[in-house]
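Read-outs: derived from the displayed coordinates by stated rules, not from any lab. In this text the structure is predicted, and so the values were computed from the model without any measurement. All Cβ positions, glycine included, derive from the backbone under ideal geometry; neighbour counts span all protein chains shown.
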Amino acid sequence: MDLLIGTSNPGKMREYAEILGELSLRLISLRDVGLQSLEIDEPYATYAENAAHKARAYAQASGLHALADDSGLEVDALDGRPGVYSARYGGPTDRDRNIKLLGELAAMPDAARTARFLCVVAVADPQMGAVEYGHGTVEGAVGYGICEATGGFGYDAVFIPEGFDVCFSALSPGVKNSLSHRGNAMRSLIPVLRRMAHT
Ligand code: ITT
C-alpha cells in the first residue's frame, strides 16, 4: 500500500521513515506527489481534530491513504501551553520558540518544569474519508538551556525525557522513536495499517 506522509516538517518525515520502515508500505512524501506547497490550516483546539483535518485534506488532494499528525509540548508551569499551539508560539524558527519557552520558565520553581509531548496521528482513507487514530505521549521536563546536541527538531533541544539526563536532541533517532510521543502513537496504529495494507 502507498501511504502519503502528510507533513511539511522534515523532522517528522525522517521519524516516520524510520518508525514505519519495517512495514510493507511505500512511503510517499508531499513532494513526491507535487503537494509540497499545499498548506493545510489547523483551525481546531484539539490535536485529534487538527490531525484528522490534515489527513483528510491530503488524502483528498492525492487520492492516497494519508497520514498526518498534530503534536505539541504541554508544560505544567504554563498550564499546558504551548500545547496544541506549539507550532505558532514565539516566532518562526525552532530556536525562537525554545528561547521564548525558556524565558517564560526562568522564574518558575524546578518542580514546575515538568512537561510532556503529545501526538495524535490520523490516517485517512481517500475513498470513504474514514479516519483511524493513534495517540502517544512521553513525560519529561524542560531543561535550563538549549542543549548543544544537533539531533532531532523543534523542542527536542529543551526537552529531557523522564529517566534520562540529556535532551531528546542528544539521543539517536532509534532511541528517541522508541520512547517518543510519535513512536508511541504510531505503535498503537500499526495493527490498523497492517489491516489497511491487506484489504
Ligand atoms: P505539519 O503540520 O506539516 O506536520 P508542523 O511542524 O506545523 O508540521 P504541528 O502543527 O504538529 O507540526 O506542530 C507541532 C509543533 O510541536 C512544532 O513546533 C514542532 O516542532 C513541535 N514538535 C512536535 N513533535 C516534536 C518532536 O518530536 N520533537 C520536538 N518538537 C516537536
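One table, with the values for the structure above:
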item: Single condition A59 does not satisfy, out of (1) of a type in the set (G, A, S); (2) under 30 Å from E148 (Cα atoms); (3) in contact (Cβ under 8 Å) with a residue 40 or more places away in the chain; result: (2)
item: Whichever residue in the stretch 46-74 is within 13 Å of the ligand (Cβ to nearest atom) and surrounded by fewer than 21 Cβ atoms within 10 Å (Cβ to Cβ) and, among such residues, is farthest from R182 (Cα to Cα); result: A57
item: Qualifying residues in the stretch 138-158 (those that are β-branched (V, I, T) and crowded, with 16+ Cβ neighbours inside 10 Å) - the one farthest from A55 (Cα to Cα); result: I146
item: Members of the stretch 26-40 that are within 13 Å of the ligand (Cβ to nearest atom) and assigned to a strand (DSSP E or B); result: S29
item: Single unsatisfied condition, S29 versus (1) buried (at least 19 other Cβ atoms within 10 Å of the Cβ); (2) in contact with a Ser or Thr (Cβ under 9 Å, 6 or more places away or on another chain); (3) of a type in the set (S, T, N, Q); result: (1)
item: Members of the stretch 159-170 that are farther than 25 Å from K54 by Cβ and within 11 Å of the ligand (Cβ to nearest atom); result: P161, C167, S169
